[in-house]
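The values are calculated or read from the model by the stated rules, or taken from the named source; none is laboratory data. This structure is a prediction, so every number in the text was calculated from the model and none was measured. Heads up, the Cβs are rebuilt from the backbone with ideal geometry, glycines too, and the neighbour counts pull from every protein chain shown.
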Ligand code: NAD
Ligand code: GLY
């Protein structure tokens, strides 16, 4: 097992290893004095892991209730959120009780937002069961639900009390969903770590899970500790996301987040090479790595459509979009780009 400590507005551990889920109860007990624990999960994950989680919590002395949402992004909305907080109120959870987010990024973001707002804030524990949630969404305290106007538009920063990542749960992930998480893993290599990038290009899908997840979490920890509230360095985590969100939106979310980020990274990288921001060799390496994981590197959508969607991205600030652009493997730059130049930048990368 590997442990990474995050010292943000809350200090907490991220534990990564096999066989951790059956230890959930004792682990939660050590970080919070709750009497009741509400497990929030989805219709795919709860049948697989709900009983192990509930049994462990019960054994540790918690009174356990559970709330299961339909699997999928569609559940990350205002009405499911209200159902969840009503459920917590009906079950008399108090401020000293806790929520357990057992699932992927959808469950994690929704549960985190409920934890941030129910009774003006109660403790929550992230138990990520997708690769994406393990390396990204469970760490760093960004919580949100989607609004009809866009993804993640209503949320709060709220750090968990603990992240318990049992890598054995990844064994039941459909390969396609595992691949989606790989886009985020490649992103960390391109952003910060040539050694991680080299490991990924050498091993492909058979990379060493515990080591790689722990390394990604360390990298995210460093960014979150530098810029918890996303006003500077944390923006780099959006490599590939501005254009990726455009791809997701254009596909009406039939293209997954991971695949859209992969396409976004490839477009930004090609545009960077054309503008001289990175060498053609670096661009080839990045694009080859994305393709090596079976992720897409191109899109059928036109620059105009991607540009329009990118404009509604949260990262826009007035007339400027902060694009994250690779200079070399492990070295990316935040380039404030006038909106008037964004379309031609996207065009160059298609
Ligand atoms: P997800 O939570 O929808 O999970 C993907 C699918 O895998 C679902 O159908 C789920 O039921 C299933 N699943 C999960 N774990 C499983 C397991 N162990 N075995 C079998 N099936 C399993 O999607 P995701 O990719 O984990 O997360 C995407 C969400 O994360 C998006 O809403 C995105 O906005 C959010 N996100 C948040 C942050 C953040 O910092 N908060 C960062 C990145 C992404
Ligand atoms: N996933 C982006 C962030 O946590 O900032």
| Limited to the range 71-94, what total is found for residues that are more than 9 Å from ligand 1 (Cβ to nearest atom), modelled with pLDDT of 95 or more and touching a strand residue (DSSP E or B) at 6+ places or on another chain (Cβ under 9 Å)? | 12
| task | For residue 155, state whether it is within 16 Å of ligand 2 (Cβ to nearest atom) and in contact with a helix residue (DSSP H, G or I) (Cβ under 8 Å, 6 or more places away or on another chain). | result | yes
| field | Which listed residue is at pLDDT 95 or above, buried (at least 24 other Cβ atoms within 10 Å of the Cβ) and within 16 Å of ligand 2 (Cβ to nearest atom), from 127, 135 | value | 135
| How about the range 145-179: which of its residues are within 7 Å of ligand 1 (Cβ to nearest atom), modelled with pLDDT of 95 or more and either part of a helix (DSSP H, G or I) or on the phi > 0 side of the Ramachandran plot (or both)? | 169, 170, 172, 177
| remark: Restricted to the range 178-200 and to residues being away from ligand 2 (no atom under 16 Å from the Cβ) and in contact (Cβ under 8 Å) with a residue 60 or more places away in the chain, the residue nearest to residue 254 (Cα to Cα) is 179
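Determine, yes or no, whether residue 191 is within 16 Å of the chain's Cα centre (by Cα) and more than 23 Å from residue 312 (Cα to Cα). It would help to see each step written out before you state the result.
Details: within 16 Å of the chain's Cα centre (by Cα): yes; more than 23 Å from residue 312 (Cα to Cα): yes.
Judged against the criteria, residue 191 is a match.
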| Which condition number in (1) closer than 19 Å to residue 170 by Cβ; (2) outside any helix (DSSP H, G or I) is the one that residue 96 fails? | (1)
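Can you tell me which residue in the range 1-10 is farthest from residue 212 (Cα to Cα), limited to those that are touching a strand residue (DSSP E or B) at 6+ places or on another chain (Cβ under 7 Å) and surrounded by fewer than 21 Cβ atoms within 10 Å (Cβ to Cβ)? Step through it out loud before you land on a result.
Keep residues of the range 1-10 that are touching a strand residue (DSSP E or B) at 6+ places or on another chain (Cβ under 7 Å), which gives 1-6.
Filter once more, so that each one left must be surrounded by fewer than 21 Cβ atoms within 10 Å (Cβ to Cβ): 1-3, 5.
Working: 1: 12, 2: 11, 3: 13, 5: 16 Å.
Applying the filter and picking the extreme gives 5.
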| If you scan the range 25-42, which residues turn out to be touching a strand residue (DSSP E or B) at 6+ places or on another chain (Cβ under 6 Å) and either in a helix (DSSP H, G or I) or without any contact (Cβ under 8 Å) to a residue 40 or more places away in the chain (or both)? | 27, 28, 31
| field | Of the criteria (1) away from ligand 1 (no atom under 15 Å from the Cβ); (2) more than 20 Å from residue 4 (Cβ to Cβ); (3) assigned to a helix (DSSP H, G or I); (4) out of contact with any strand residue (DSSP E or B) (no Cβ under 9 Å at 6 or more places or on another chain), which one residue 190 fails | value | (4)
